[in-house]
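Visitor: The following block contains the structure, expressed as structure tokens.
The values are calculated or read from the model by the stated rules, or taken from the named source; none is laboratory data. All of these numbers come straight from a predicted model, not from anything done at the bench. Glycine gets a Cβ as well: all are built from the backbone with ideal geometry, and neighbour counts include every protein chain shown.
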């Protein structure tokens, strides 16, 4: 007996619970007409409200098919990579007076949550008007909370002389593959442009190096040129470009 064909999409339980309606993601990064028809049927059968599709950026047929089938481009996803030759370079500029980088503390959470609400407005959840801005802000407030409470291996915090959080970077590590990934990076608006973001990234690389990581990646948005320049200054190089599409379906009783 032949096994059934795999589902063209997967339900995303966390997103579904957070936003309050069923959200799924397309399996795979290419798309053709027959696949798009199958995906629409699966989404309607599973009462999907929002569909994410992370597409290759170098396949014109996929881009054309996505647009023809009602997918809207909401973000350009750029992945940067720091290789061993750069990861192990001992470069750490000085911090502004009175500021230090340390491990996160429980008392930091309110400050981190407030920062996260406004530090990630270049992301796809703010670009897509279907998501209420307040809910998008709450998404990143929740995200940094989960990172600080153990979802990330560590969260590094830049703090003032009065021990108030001024910025953060979360770090994820796969010890088996010896790969690190920078998660969320945020700095308070009034202190941006003073090198704090660069210090946080370099402190994260220092931490990854101490854990034995051989490569570190980080993701940002195509329109976030300031972040791209920051990662390039920290010896990261562009590894991959992808396209985020969202498709919205009418609710089905």
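Visitor: Of all residues in the stretch 188-220 being touching a helix residue (DSSP H, G or I) at 6+ places or on another chain (Cβ under 9 Å) and buried (at least 21 other Cβ atoms within 10 Å of the Cβ), which is nearest to residue 159 (Cα to Cα)?
Guide: Per the stated criteria, the residue is 197.
Visitor: Mind checking which residues of the stretch 195-222 are modelled with pLDDT under 95 and within 22 Å of residue 126 (Cα to Cα)?
Guide: 197
Visitor: Would you confirm whether any residue within the stretch 136-143 is in the same structural domain as residue 98 (by TED's automatic domain parsing) and assigned to a loop (DSSP other than H, G, I, E, B)?
Guide: Within the stretch 136-143 (the criterion being in the same structural domain as residue 98 (by TED's automatic domain parsing) and assigned to a loop (DSSP other than H, G, I, E, B)), the answer is no, since none of the residues qualifies.
Visitor: Hey, another quick one. Regarding residue 241, is this residue under 21 Å from residue 122 (Cβ atoms) and crowded, with 17+ Cβ neighbours inside 10 Å?
Guide: So residue 241 fails the test.
Visitor: Check the stretch 154-165 and report whether any residue there is more than 17 Å from the chain's Cα centre (by Cα), without any contact (Cβ under 8 Å) to a residue 24 or more places away in the chain, farther than 17 Å from residue 102 by Cβ and surrounded by fewer than 23 Cβ atoms within 10 Å (Cβ to Cβ).
Guide: No: the stretch 154-165 contains no residue that is more than 17 Å from the chain's Cα centre (by Cα), without any contact (Cβ under 8 Å) to a residue 24 or more places away in the chain, farther than 17 Å from residue 102 by Cβ and surrounded by fewer than 23 Cβ atoms within 10 Å (Cβ to Cβ).
Visitor: From the list 240, 199, pick out the single residue that is in contact with a strand residue (DSSP E or B) (Cβ under 8 Å, 6 or more places away or on another chain) and part of a helix (DSSP H, G or I).
Guide: Sole residue among the options that is in contact with a strand residue (DSSP E or B) (Cβ under 8 Å, 6 or more places away or on another chain) and part of a helix (DSSP H, G or I): 199.
Visitor: Quick one: which of 227, 235 is part of a loop (DSSP other than H, G, I, E, B) and more than 30 Å from residue 47 (Cα to Cα)?
Guide: 235 is the lone residue from the list that is part of a loop (DSSP other than H, G, I, E, B) and more than 30 Å from residue 47 (Cα to Cα).
Visitor: I would also like to ask the following. The conditions are (1) modelled with pLDDT under 95; (2) surrounded by fewer than 16 Cβ atoms within 10 Å (Cβ to Cβ); (3) touching a helix residue (DSSP H, G or I) at 6+ places or on another chain (Cβ under 9 Å), and residue 97 fails exactly one of them. Which is it?
Guide: Among (1) modelled with pLDDT under 95; (2) surrounded by fewer than 16 Cβ atoms within 10 Å (Cβ to Cβ); (3) touching a helix residue (DSSP H, G or I) at 6+ places or on another chain (Cβ under 9 Å), residue 97 violates only (3).
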